[in-house]
Amino acid sequence: MTVTFAQKLARLPQYEAGMHEDAAREALGSEDVVKLASNESPWGPHPAVIEAVAGAAKGLNRYPDQHSRRLRRRIAERFDTDPARVAVGNGSCEILLAAAEALCEPGDEILFAWPAFSIYPHLAALSGAREIRVPLAEGYVHDLDAMLAEVTAATQLVCVCNPNNPTGTHLPAERIAEFCARVPDHVTVVLDEAYIEFQTNDDPDATVDLLADFPNLVVLRTFSKVHGLAGLRCGYALCSAKFRGAVDAVRQPFSVNELAQTAAAEAILHADDVAERVERTIVERIFVAERLRELGLEPPESQANFSWIPLDDLDEAEVIRRLGEQGIVVRGGEGLGGPGHIRVTYGTRAQNVRFLDALAAAT
Ligand SMILES: *Cc1c(COP(=O)(O)O)cnc(C)c1O
């Protein structure tokens with residue numbers, strides 16, 4: 001006899017995150033590595049956040065607040081809602097996984113576009129639900145009509161990634177509102193807005209207003225991207241009190257650690273800093289897009305902090321290898337559901353120039 005593992009293990013896709021910088025240094029045998037592979041911020045956290053984390057470190061002998069009350073209150077104040085309608089998680093990924101576990105029985109259906117965020121297939125594999133992937137439409141955008149056509153009595157969860165990772169495309173809030181109005185009430189719609197701050201189509205909080213109309217809507221956001229806190233893992237959902245209760249029930253009691261709670265509660269106070277980060281990112285977005293076009297590449301218009309670059313007849317693995325030789329780490333489309341592409345996160349200007357020069361040499 002030998003140990004056996006749960007059957008779902010065989011169903012689980014391999015989640016391969018972008019290479020960690022240390023791993024990249026080791027693999028490339030060089031200290032001089034630029035990581036543009038995980039849509040992180042190139043800028044560290046706000047100084048006040050670093051100070052708050054340092055202060056909180058003294059109290060690490062204690063468990064954190066199980067209910068993350070201060071953080072949830074700050075998020076509620078920021079969005080003018082009730083803390084009962086704010087769920088926080090060890091990254092917004094944890095909320096996604098908990099949502100699937102809390103909503104789905106084996107045989108239920110989880111619907112999402114593809115390619116979209118690479119964690120979505122895990123939700124189905126872990127919960128035993130069936131995944132329904134709906135191909136993106138022309139221009140790498142969500143095909144909301146095609147998604148609606150796939151909704152059945154068995155559909156429990158629909159994930160809409162907007163702006164979409166890995167393609168960077170964004171649908172205006174108006175389109176999301178129309179979609180929500182047509183989705184049946186028994187379906188939970190998770191609007192994954194990890195990059196919403198970076199888009200310029202709408203006021204970033206336009207979709208938050210939809211929560212009043214659609215009790216089955218969940219707006220999911222994160223401190224990992226624009227706030228520069230990916231290393232701490234903290235995300236949140238604006239949702240119904242029922243949804244929050246459900247995701248809390250399926251998770252361990254202290255999933256958001258003290259430093260993450262402290263950092264996020266401070267970061268959310270600095271709206272001006274967020275605006276400045278967004279502005280700097282958009283300057284880089286315009287710069288990178290222009291240079292890519294000069295290279296004859298035609299990425300869809302990005303509304304996020306990364307570009308999705310179709311490589312046409314270039315070989316993806318070869319391009320990644322050549323970039324790697326120059327110390328540039330990007331994500332290949334192959335592992336993200338879109339072979340023949342690369343996804344590159346915008347870094348600082350110097351990093352972007354290095355990437356673009358290396359790409360020019362590789363094309
Ligand atoms: C990065 C990202 C997240 C956020 O992940 P965290 O778990 O909060 O770090 C969520 N959704 C999408 C689409 C992302 O790209």
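The values are calculated or read from the model by the stated rules, or taken from the named source; none is laboratory data. What you see is a predicted model; the values in this text were computed from it and never measured. Every residue, glycine among them, receives a Cβ derived from its backbone with ideal geometry; neighbour counts consider all protein chains shown. Protein only, heavy atoms only, side chains kept; ligands, DNA and RNA dropped before computing areas. Shrake-Rupley method; radii C 1.70, N 1.55, O 1.52, S 1.80 Å.
Annotations
- Cut-off 9 Å between beta-carbons: net charge of the residues surrounding L126, Lys and Arg +1, Asp and Glu -1: +1
- Pairwise centroid distance, computed over Cα atoms, of the stretch 165-194 with the stretch 286-361, Å: 27
- Net length gained if the chain between A350 and I286 were fully extended (0.36 nm per residue, minus Cα distance): 21.6 nm
- Translational diffusion of the chain, µm² s⁻¹ [Kirkwood Rh, Cα pairs; Stokes-Einstein; 37 °C; 0.692 mPa s]: 155
- Taking the stretch 107-146 and a reference point 7 angstrom along Cα→Cβ of Q7, the backbone N atoms nearer than 14 Å belong to 107-108, 125-130.
- The chain, accessible surface, carbon-and-sulfur percent (1.4 angstrom probe): 50
- Relative contact order, percent, the chain [alpha-carbon distance under 8 Å, six or more residues apart]: 24
- Segments 260-268, 244-252, 37-45 sorted - mean Cβ within 10 Å per residue, highest first: 260-268, 37-45, 244-252
- Under 13 Å, Cβ to Cβ, from C239 - net charge with Lys/Arg +1 and Asp/Glu -1: +1
- Dipole magnitude of the stretch 47-269, debye to nearest 20 (Cβ charges: Lys/Arg +1, Asp/Glu -1, about Cα centre): 1000
- Shown is the FRET efficiency for E279 and E325, computed with R0 = 35 Å from the Cβ-Cβ distance and rounded to the nearest 0.05: 0.60.
- Chain lengthening between T200 and T81 when straightened (0.36 nm per residue, less Cα-Cα): 40.4 nm
- Alpha carbon Rg of the stretch 89-234, scaled by the compact-globule rule 2.2 N^0.38 Å: 0.97
- Taking every alpha-carbon pair in the stretch 307-347 and binning the separations at 5 Å intervals from zero gives 6, 26, 35, 25, 7, 0 percent.
- In the distance distribution for the stretch 1-76, Cα-Cα pairs more than 16 Å apart total 76 percent.
- Both radii are taken from the alpha-carbon atoms of the stretch 169-220; with Rh as the Kirkwood radius, Rg/Rh is 0.94.
- Near the amide H of T222, within less than 5 Å, lie the amide hydrogens of Y236, all on another chain or at least 5 residues away, with H placed in the peptide plane.
- You can think of it this way: the chain between F254 and A317 has 18.6 nm of extra reach, that is 0.36 nm per residue less the Cα-Cα gap.
- Reported to the nearest whole Å, the Cα centre-to-centre distance from the stretch 211-253 to the stretch 65-129 is 5.
- Å² of accessible area per residue within the stretch 47-269, as computed with a 1.4 Å probe and no ligands counted: 40
- Of all lysines in the structure, those lying under 25 Å Cα to Cα from K225, and not within fewer than 8 positions of it along the same chain, are K35.
- Each other residue within a Cβ distance under 15 Å of L111 adds +1 if Lys or Arg and -1 if Asp or Glu, for a net charge of -4.
- Our helix-only sum for the chain, with -39,500 (n - 2.57) per DSSP H run of n ≥ 4 divided by its residues, gives a mean residue ellipticity at 222 nm of -11500 deg cm²/dmol.
- On the basis of the beta-carbon distance and an R0 of 56 Å, K58 and Q14 show a calculated FRET efficiency of 0.90.
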